[in-house]
Amino acid sequence: MASEALKAAQQCLAIQSVNLDHGYCKTRNDFDPSSIDAETSLSQSFKALELAEELQLANDDDIQGYRFIYTLGFRLVGSEEDTDIENYEPQLEIIGSFCARYNCQRKLTEDEVRAFSENNVAYHVWPYWREYLQNMSARMGMKEVIEVPMYMIEKSSN
């Protein structure tokens, strides 16, 4: 059932744009990004769908639009630091939230929106995230490039 909903959504939705919704970059005062030591720093990351909503486009009742907000983050933490303490501040943190917009010829079902959210939105946003993360880390003074792999699509169990 989920794969049918995904295929129906993929056939209906046409990507229009991916834009930065908001971003955040910060280094801790006692951390120098130009002298990262792989022995003392660990990287962590996250990704999450924040919003999936239907849009009405240009007074046309037949065409629906969809907007998805997808947020990703990267941070460096000290390998010997207790990251569970209250108010822990990572050595470096970069977060990017992206808005992906799609046109669609009909209203999608909840299952179709959910399946597309889980399987396609991250794929479309990923290249923008890679560029943003690498650009911001360079602007923050990091000498080493943060290696962000290509987006891997999970093989279905069907």
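Descriptive notes on the structure:
- Most mobile of ILE15, ILE94, ILE69 in a GNM of the chain (Cα contacts under 10 Å): ILE15
- Alpha-carbon Rg with Dmax, taken over the chain, Å: 18.8, 58
- When the chain is treated as a GNM with alpha-carbon contacts under 10 Å, the residue of ASP21, ASP82, ASP32 showing the greatest mean-square fluctuation is ASP82.
- Applying the Karplus relation 6.51 cos²θ - 1.76 cosθ + 1.60 with θ = phi - 60° to segment 106-123 yields 3J(HN,Hα) values of 8, 6, 7, 6, 4, 5, 5, 4, 4, 4, 5, 4, 6, 10, 10, 4, 4, 4 Hz, where x marks Gly and Pro.
- Stretching SER45 away from MET150 to a fully extended chain increases their span by 36.3 nm, per 0.36 nm per residue minus the current alpha-carbon distance.
- Annotated for the chain: lysine pairs at least 8 residues apart or interchain, Cα distance under 27 Å, count 8.
- Here r is the Cβ-Cβ distance between ASP37 and GLU118 and R0 is 35 Å; the resulting FRET efficiency, rounded to 0.05, is 0.40.
- Most fluctuating residue given options ASN135, ASN87, ASN103, as computed from a GNM of the chain linking Cα atoms under 10 Å: ASN87
- Only helices enter this figure: runs of n ≥ 4 DSSP H residues, each worth -39500 (n - 2.57), summed and divided by the residues of the chain, yield -8000 deg cm²/dmol at 222 nm to the nearest 500.
- Sequence-distant residues sharing a close amide H with LEU55 (under 5 Å, placed H): GLY65, TYR66, ARG67
- Neighbour net charge for GLY23 - beta-carbon separation under 13 angstrom, K R +1, D E -1: -1
- Under a 5 Å amide H cut-off, with hydrogens placed 1.01 Å from N, ASP21 pairs with SER97, PHE98, CYS99 among residues at least 5 apart or on other chains.
Throughout, read-outs are computed from the coordinates displayed, never taken from laboratory work. What you see is a predicted model; the values in this text were computed from it and never measured. Every residue, glycine among them, receives a Cβ derived from its backbone with ideal geometry; neighbour counts consider all protein chains shown.
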